[in-house]
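Presented below is the structure to which this report refers.
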Amino acid sequence: MSATTDNYEHLVNAEYEHGFVTEIESDTLPPGLNEQVIRTISTRKQEPALMTEWRLAAYRHWCEMPAPNWAAIQHPPIDFQAISYFSAPKQTPKLNSLDEVDPRLLDTYNKLGIPLEEQKVLANVAVDAVFDSVSVATTFRSKLAEVGVIFCSISEAIRDHTELVMRYLGTIVPPSDNFYAALNAAVFTDGTFVYIPKHTRCPMELSTYFRINAAKTGQFERTLIIADEGSYVSYLEGCTAPQRDENQLHAAVVELIAMDDATIKYSTVQNWYPGDENGRGGIYNFVTKRGECRGARSKISWTQVETGSAITWKYPSCILRGDDAIGEFYSVAVTRGCQQADTGTKMIHLGRNTRSTIVSKGISAQRGQQSYRGLVRIAAKAEQARNHTQCDSLLIGDRCAAHTFPYIEVKNPTARMEHEATTSKISADQLFYCQSRGLSEEDAVSMIVNGFCKQVFNELPMEFAVEAQKLLSISLEGAVG
Amino acid sequence: MMTSVSNSNASIHAMPNTWLSAAPNQLAGNHMTDIKQARSVALKQVLERGLPTVKNEGWRYTSLRSLLAQNFICTPSDDVLTVNEEAHTAIETALQPALETYRVVLINGRYAPQWSYLENLPSGVQIDSLNAVLNQSPARLAAVFTQIADTAHYPFTALNIASCDDGLVILIDDGVTLERPIELLHVSTGSLNQSVTPPMMHPHHCIQLGTGAQAQLIERFVSIENAGVYCTNAVLEIALSPRAVLRHARLQLESLNAFHITGLHLQQAIGSDYSGINIGIGGAWSRTDLITRFIGEQAHCEQRGLYLVGDQQIMDYHLDIAHQVPNCSSQEQFKGILYGQGKAVFDGRILVAANAQQTDANMTNNNLLLSRNAEIDTKPQLEIYADDVKCSHGTTVGQLDPDMLFYLQSRGLTRSQARQMLSLGFAADVLTTLAPEQLHEQVINQIERRLETATF
Amino acid sequence: MLSIKGLRANVGDKEILHGLDLEIGAGEIHAIMGPNGSGKSTLAHVLSGRDGYTVTAGSAELNGVNLLALEPEQRAHLGLFLAFQYPVELPGVNNTYFLKAALNAIRRARGESEYDAVAFMRLMKEKLRVLHLDESLLKRPVNFGFSGGEKKRNEIFQMALLEPKLAILDETDSGLDIDALRIVADGVNACRSPERSMMVVTHYQRLLDYIQPDYVHVLAHGQIIRSGGKELALELEERGYGWIEQVTEVAA
């Protein structure tokens, strides 16, 4: 507890820690979206013609689609012509080692505490860092290559592993899936590609840090992870953005594929700029994340800690196609200030003996608005499928809101599903008990909230769990009372 | 869920004209300007907005197609429903079991005094037909009729208000406790003449309990044996004054040819107490909306339900419990038993508005799937804008435990007996709240009979 | 009464009973003892017809009728009764209702007349009195919220009521303290009769202090490796199962 208290001390007034802007010359396309912009992006990224056509098809589809309006979120209409769809730090070409990266960029990552450098060798984390739209550096690539793991930016993967990428890209989240997925397919500029070969346990945690830096840019990264038979990978994703008055759009797509006996563990700590206390500025985080447990006994586990963004709209989902496949979703989401989050998951049970677990912990403070929206579908052929869902909401203050919208569809009589949801506030008794043992109100709240989230933090890799707890404390700073 | 909603024109069905009254000017109470006005507002709403399709969130699991496929007619010529000798006997049977009650019988949505019993009503209690009250003393319903029902969000309620002409009125004065239950029996025959299009009825009931008044209402929907196709589109408007207490049992026991829609709009003032139990067993296609609005603090609402769905039935229960003021409590418990090709939908929403502190609300929905082709879609929702609340919901879908089945078989019961016994055991905690005893027995017998003849 | 010959049974692909022979005569009490995992409960479950076991060879007859081909309820109709080690809870199922349905199902199968409500209540009350059980038991759901001791007493109560020809008591002593054990044993002894046989499955000798068996059999690795009188139980208590397995191996 004392460590947390120390964090409080030096974090007082540090509302959004990562709100600085890095002065780097960027190569940015003028705002606007049309077929020419898409061709330009594709050309800049030296993509095969096949890819250019794929993007254009997605763009044409997007033009036909209305923006979704079913989520419990409110924002002014987004002017998609006012966004710049490509921004790259200027001297990107041909980076051979970290020494060649702009020192100011490295400095930025250091400020963010990103494990790019030497110290992190010990932490055994391989990092792909995406700055605005472009993947800047991928560490440990050679070491990973020794065991056959491909870990690179998706742009490189499209160039160097075209056949492999095109076989899977868009098969889990088709470009026509939804409005933002279509937009992403048309304009995505970078992201991460991971391939784990058969019977390989990825020797280290893989990690990507995303940062939006340039003004008026959108970020549209795309991640594709393929875990071949019997393989294992744990992937971490962290996100930050500078403090700006206007809203910036982040519309990412993540696709995961797990073959027979493969396991993918995907962890996110999302701390995009949430806007100021009056709701000015902040990131619109409209993300489509979906994994398919294609093989028998495969497993996909999503863990997310969502503390940032003005608006979060994301539903990391699992299609449990293989027999005995397992899907998991563990989430902590915090909304404070004027933040809005509509988040949850979909568990689609298709195979026999498929199991899924959903644990969602929502914390709303101040004027924060939050909804859990989830779907559990047990198809007619999913014999003996099991689901357990637990959704808990904690309310702090009388102007916040927490909603639960679960959809449960069962078409198989051998299914067993249980769904529980509770909404409550921190009880005066709990607070009094802690305070009577000498804790300040803020420490007491922090302790109770951490306890509330424990089940989810336990799913995070160790370093991330520490970071997540710290983030949670910062997020709730000043939100109490 | 993730697909976007297309434009509003594509997501409605047009309202079939024949479902509306053919003689709107002659409807009860239309000599009063305000009543006529309220009816025309409702009519406008349902005509302009149309009927929902599955693209409408509240109807995503329940399609109106089978309803629309029937050419229901709201105002059939009198001879269609003239009760002949044969139907007379059938009605007598449908009235069983005879209960010690004040009884109002509606035959095909029309008040039938010859079967009703309203003698010796204590003073301070008025029970009458809606048609009579609207025509003779409409002022008595000024606070209830069209005042509580939400026509903007419930198209079938709007349709009912635009076309209703009869139903039940219960008005109980302040401080009066009515010991003997009131019974409301909907007996339907369907079209007795095969060549004629089936009827759609719009019974409308207004119930107002004064301050501290107490009453018990038993509402049953039954069909005569060999009833034809028909549709009941019932609306209840219930206003509970401060500290009023209403116990309300609703039994939907209609034939498998019946279509059934209910919109129950309940408004509760300070300290009032409502407890309802909803039994759904009959009908080919049914949709029930139970809507509660708290307008005073310290009020309590309980809604319980049991649905038994098989034989290609579709049964849909929607609950909308709006805690708009502080310090109220609500408890919702629904259980479902599904077999055959039955499909059930449960959609329950607890809304806690921004200032509704100290709300205590709990919703549970448990489902038992007994066979291969049954389907359950359940959607318990919490929508909460206040922090000092205790709200929860729990949902389960499961099947009979093989260990339990084996235990019963090892004691000599057949598999079918064991299944019946365990299914009734599953439903027991809901059914115990059903009184009087004869009703309880009637429901249990019906469940047993249904499960005995069911295919699994 | 009961005749088991060369019985082999699997759980999944694993054989648990490796050719078991046992004869129980009318009015006899046989104790089946053995270490954990020896197949005691499997034997009880196979005889009563629980799912999940496959009989691969051998036979089991009750008064000349092949049990193994029958549904569980048909075995009950023939007079087989299993007192469960872990009786399941049946929430919402009233005990009286359950017992009346069970007893009448058995009587019907035997061609006897069914009890009406009054006669049935009289019978139940009489059995309760004999077993010193409280009438409140009748109003509660079957086993629901019962303590471990109450569940076992309820099993014995059912046995008294259903009057089986062969009762199998599966680890009836497990989880009971000495007082509860005595009450249960008294109940069992009250059910003894020259027409009723019992198979008492237990891990410990102490139950046999209260229920005196005519024969004791030791089950190990899915076979009866030794049979004897009640003194065999005492010897086991003193020297443990390791001893008897050793002795048997040497003999083999």
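If I model a spin label at residue A:79 and residue C:114 as a point 7 Å from the Cα along the Cα→Cβ vector, what separation in nanometres do I get?
Each label point lies 7 Å from its Cα, and together they span 8.0 nm.
Starting from the Cα of residue C:68, move 7 Å in the Cα-to-Cβ direction to define the label point; list residues of the stretch C:24-59 whose amide nitrogen is under 18 Å from there.
Residues C:24, C:39-59 fall inside that zone.
Quick one: compute the contact order of the stretch C:2-251, relative version, from alpha carbon pairs under 8 angstrom and 6+ residues apart, as a percent.
Relative contact order here is 28 percent.
Just to check I understand the Karplus step: with θ = phi - 60° and J = 6.51 cos²θ - 1.76 cosθ + 1.60, what whole-Hz values come out for the stretch C:129-142, glycine and proline as x?
Here the 3J(HN,Hα) series is 5, 4, 8, 6, 10, 7, 5, 4, 3, 6, 8, 8, x, 4 Hz.
For peptide C:46-54, how many partner chain Cβ atoms fall within 10 Å of a residue's Cβ, on average?
Mean inter-chain Cβ contacts per residue within 10 Å come to 2.
Net charge within 14 Å of residue A:165 by Cβ-Cβ distance, Lys/Arg positive one each and Asp/Glu negative one each, not counting residue A:165 itself?
Residues near residue A:165 contribute -1 overall.
Compute the FRET efficiency between residue B:26 and residue A:399 as 1/(1 + (r/R0)^6), taking r as their Cβ-Cβ distance and R0 = 51 Å, and round to the nearest 0.05.
Here the calculated transfer efficiency is 0.45.
Testing the spin-label approximation: label points 7 Å from Cα along Cα→Cβ at residue B:41 and residue B:446. State their distance in nm.
Placing both labels 7 Å beyond Cα along the Cβ direction yields 3.6 nm.
Whose amide H sits under 5 Å from the amide H of residue A:342, counting only residues 5 or more places off or on another chain, with H placed in the peptide plane?
A:312, A:313, A:314, A:371
Taking 0.36 nm per intervening residue step and subtracting the Cα-Cα distance, what contour gain separates residue B:312 from residue B:435 on full extension?
41.4 nm
Angle, helix C:148-162 long axis vs. longest principal axis of chain C, Cα atoms, 0 to 90°, nearest 10?
So the inclination is approximately 80 degrees.
Share of antiparallel DSSP beta bridges in chain C, in percent to the nearest 5?
55 percent
Just to be sure I understand the model, the point goes 7 Å from the Cα along the line to the Cβ. What's the resulting residue B:324 to residue B:453 distance in nm?
With each label point 7 Å from Cα toward Cβ, the separation is 4.5 nm.
Determine, for B:388, B:401, A:324, the number of other Cβ atoms within 10 Å of each Cβ, and report the residues in order from fewest to most.
By the 10 Å Cβ count, ascending: B:401, B:388, A:324.
Tell me, in nm to one decimal, what length is gained between residue A:427 and residue A:46 on full extension, where the rule is 0.36 nm per residue of separation less the Cα-Cα distance?
131.3 nm
Taking 27 Å as the cut-off for C-alpha to C-alpha distance, list the pairs among A:198/A:289; A:411/B:55; C:100/C:152; A:265/B:343; A:299/A:425 that go past it.
A:265/B:343; A:299/A:425
Give me B:300, A:419 ranked fewest to most by other Cβ atoms within 10 Å of their Cβ, as a rough exposure proxy.
Starting with the residue having the fewest Cβ neighbours, the order is B:300, A:419.
Can you give the angle from 0 to 90° between the axis of helix C:95-109 and the longest principal axis of chain C, with both taken from C-alpha atoms, to the nearest 10?
For helix C:95-109, the angle is close to 70 degrees.
Cross-link partners among lysines for residue B:36, C-alpha distance below 20 Å, same-chain residues fewer than 8 apart left out?
The reachable lysines, counting only those whose Cα sits under 20 Å from residue B:36, are B:44.
Check the straight Cα-Cα distances from residue A:45 and name the aspartates and glutamates below 17 Å, setting aside those fewer than 8 residues away within the same chain.
By straight Cα distance, residue A:45 reaches A:27, A:35, A:53, A:132, A:156, A:160, A:163, A:190, A:221.
Let me have the 222 nm mean residue ellipticity of the protein assembly as shown computed from DSSP H runs of 4+ only, each contributing -39500 (n - 2.57), with the sum over all residues rounded to the nearest 500.
Calculated at 222 nm, the ellipticity per residue is -8000 deg cm²/dmol.
Restricting to DSSP loop positions (anything but H, G, I, E, B) with no more than 16 other Cβ atoms inside 10 Å of their own Cβ, which trypsin sites (Lys or Arg not before Pro) remain in the stretch A:413-445?
A:437
List the residues, sorted by chain then number, that are 5 or more residues from residue B:319 or on another chain and whose placed amide H is less than 5 Å from its amide H.
Here the answer is B:290, B:347, B:348, B:349, since their amide H atoms fall under 5 Å of that of residue B:319.
Output the relative contact order of the stretch B:122-183, whole-number percent, from Cα pairs under 8 angstrom with separation of 6+ residues.
Computed value for the stretch B:122-183: 56 percent relative contact order.
Would you list A:293, C:191, B:231, B:164 from fewest to most Cβ contacts within 10 Å?
C:191, B:231, B:164, A:293
Please report the antiparallel percentage of the DSSP beta bridges confined to the protein assembly as shown, to the nearest 5.
15 percent
By how many degrees, 0 to 90 and rounded to 10, does the Cα axis of helix C:231-251 deviate from the longest principal axis of chain C?
Taking Cα atoms only, the helix is inclined about 40 degrees.
FRET efficiency for residue B:121 and residue C:61, Cβ-Cβ distance as r, R0 = 41 Å, nearest 0.05?
0.05
So what is the relative contact order for chain B, in percent, with contacts set as C-alpha pairs under 8 Å and at least six apart?
Taking the mean separation of contacting Cα pairs over the length of chain B, I get 10 percent.
Laboratory data are not the source of any read-out in this text; all were calculated from the coordinates shown. Quick caveat, the model's predicted, so the values are computed rather than measured. In this analysis, Cβ positions are derived from the backbone assuming ideal geometry, glycine residues included, and neighbour counts consider all displayed protein chains.
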